[in-house]
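Input: one structure, supplied below.
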Amino acid sequence: MEKHMTSGIEDVWQPVPASRSARNTINPIRRIVDRMKITPNPAKEMISLSIGDPTHYGNMLPPVEALEAIIEAVQLPTCHGYAPSFGTLEARRAVAKFWSRSDYILKPEDVILTSGCSHALEMCIDCLADPGDNILLPQPGFSLYTTLCQSLGIETRFYDLLPDDDWKVNITHLESLINDRTRAVLINNPSNPCGAVYPEEHLRKLIEICEKHHLPIIADEIYADMVFSNHKFYFMGILSENVPVLSCGGLSKRFICPGWRVGWIVIHDRHNLFKDTIKPGLADLSSRILGPNSVTQAALTHILFETPDSYYDDILNQLQNNAEYVYRSLLEAPGLQPTMPQGAMYMLIRINPSEFHDIADDKDFFMKLICEESISCLPASVFGIDNFFRIVLSTPMEKTEEACQRIIEFCQRHAKSVS
């Protein structure tokens, strides 16, 4: 209803317009999912395989050492005020030491703390590109990349990942997208939604392309070291001799605490190409929200260095056991073709609509699976690829087993009859 106001002359208020940035901020997941009118089957318990929050079911929680560090920190009189917007020296020193290697030593000056890895990504994109510039993004890829770029007026150009080659980058396609307005290449490894972990040789090829075209790399490495047996994670910044790399990471996934909102940007810049431009630019951008919370920063050294290896091993064992079970089980489901992930906490599964009599695409599969089986996954069209769906691998095993059984029965029920 219009609101009439009188101040000498009667006036009528019109709707107050949102900014261009707000209008351009679109979350592809919310755009698709929220528009679907879906009612789960009330006879079956809802099982969510769609939420990328590993704490959802309670089988994965932060390490005890992290909880103890937070409790101790919150009682300190020195960590309740404003911290430097780019992070306290002690916390930045901890991150630098944690990710240093014997032949590659990082310094606190190479680290900027952020309010989660999403904030780190936003700062990197904002610092490297202006409206009208473009950044190369993976497809399929984490939908937030698109949301951040579009909000800032930055063109998104998508390079293909190859589903039949463990989701490696189609390097020829990537290079074909580069033009004089390209400002960076974003590479996600280990990846969401694919669960890919790139071998050293493949990463070096990507670095070569970026060096050839003088393009910095934004490395989304939030799942660093979250890899399954027989695979190895490599930091792009350590592999790169000449290409500057902004590595984005944080506590959320490896330490199972996404709500704590502590992330970081590690600046790999062997030749000081960022020294007088990007490095101070990131520090300035950090001042817009004054950095992550001070309590978690105070606890960060203890969290990073006192968490035992057994904690990481347990989390990875749960993820890999789930991945192997889902992969083996859904190989038996008509119309589905799972790809075994190599790390992170996700799996993409191909849907072959031609093998079903009444399923048109991944969105149709998603809706009918919820309505009939109360299983929630994500249609991969929200990540930029059709006729796949993503499931999260952080559920308790009993939930995983029940979900797989329901998915198999669902596929059998909708499969074309074999003559």
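The values are calculated or read from the model by the stated rules, or taken from the named source; none is laboratory data. The shown structure was predicted, so the numbers you read here are calculated from the model rather than taken from an experiment. Using ideal geometry, Cβ is built from the backbone for each residue, glycine included, and neighbour counts are taken over all protein chains shown. The protein model used for the area step is the full one, side chains on, heavy atoms only, and it has no ligands, DNA or RNA in it. Shrake-Rupley method; radii C 1.70, N 1.55, O 1.52, S 1.80 Å.
With every protein chain present, what accessible area does Asp164 have (1.4 Å probe, heavy atoms only), rounded to the nearest 10 Å²?
130 Å²
Using a Debye calculation, one point per C-alpha and no hydration shell, please list log10 I(q)/I(0) for the stretch 64-306 at q = 0.08 Å⁻¹ in order.
-0.29
Direction-averaged shadow area of the convex hull around the Cα atoms of the stretch 283-419, nm²?
11.8 nm²
Exposed loop chymotrypsin sites (Phe, Trp or Tyr not before Pro) only (DSSP loop, at most 11 other Cβ atoms within 10 Å): please give the longest stretch of the chain free of them, not including the sites. Each step should come with its number before you reach the end.
Numbers: sites that count: Trp13, Tyr82.
Free of exposed loop sites, the longest segment is 83-419.
Quick check: the distance between the Cα centres of the stretch 227-297 and the stretch 298-326, to the nearest angstrom?
Value for the Cα centre distance between the two parts: 20 Å.
For Lys205, Lys168, Lys275, give the ranking by accessible area with the largest first, probe 1.4 Å. Walk me through the intermediate numbers first.
Details: Lys205 95, Lys168 45, Lys275 120 Å².
My answer, sorted largest first, is Lys275, Lys205, Lys168.
About its Cα centre, how strong a charge dipole does the stretch 199-251 have in debye, to the nearest 20, once Lys and Arg get +1 and Asp and Glu get -1 at the Cβ?
So the dipole magnitude of the stretch 199-251 works out to roughly 60 debye.
Using a 1.4 angstrom probe, figure out how much accessible area the chain has per residue, in square angstrom, rounded to the nearest whole.
The answer is 45 Å² per residue.
While we're here: For q values of 0.27 Å⁻¹, compute log₁₀ I(q)/I(0) with the Debye formula on a Cα-only model of the stretch 357-405, without solvent.
After summing over all Cα pairs, the log10 values are -1.05.
While we're looking at this one, here's another question. State the label only: which of (i) 22.9; (ii) 26.0; (iii) 24.3 corresponds to Kirkwood radius over Cα pairs in Å computed from the shown model?
Read-out taken from this structure: (i).
Using a 7 Å offset from Cα along Cα-Cβ at Glu72, what residues in the stretch 280-310 end up with backbone N under 16 Å from the label point?
Within reach of a label on Glu72, which here means backbone N under 16 Å from a point 7 Å along Cα→Cβ, the stretch 280-310 contributes 295-308.
Based on Cβ point charges of +1 for Lys and Arg and -1 for Asp and Glu, what charge dipole magnitude is obtained for the chain about its Cα centre, in debye rounded to the nearest 20?
On the way: 37 positive and 53 negative charges, 109 e Å.
It comes to approximately 520 debye.
Another question about this same structure. With runs of 4+ DSSP H residues as the only contributors, calculate the mean residue ellipticity of the chain at 222 nm using -39,500 (n - 2.57) per run, divided by the residue total and rounded to the nearest 500.
Computed ellipticity for the chain at 222 nm equals -10500 deg cm²/dmol.
Something else about it: Expressed as a whole percentage, what fraction of the accessible surface of the chain belongs to carbon and sulfur atoms when a 1.4 Å probe is rolled over the protein heavy atoms?
On the way: 9690 of 19030 Å².
Roughly 51 percent, rounded to a whole number.
How charged is the neighbourhood of Leu285? Take every other residue with its Cβ under 14 Å from the Cβ of Leu285, and add Lys/Arg as +1 and Asp/Glu as -1.
-2
If you restrict to DSSP beta bridges whose two residues both lie in the chain, what percentage is antiparallel, to the nearest 5?
Numbers: 29 of 48 bridges.
Restricted to the chain, the bridges split so that about 60 percent are antiparallel.
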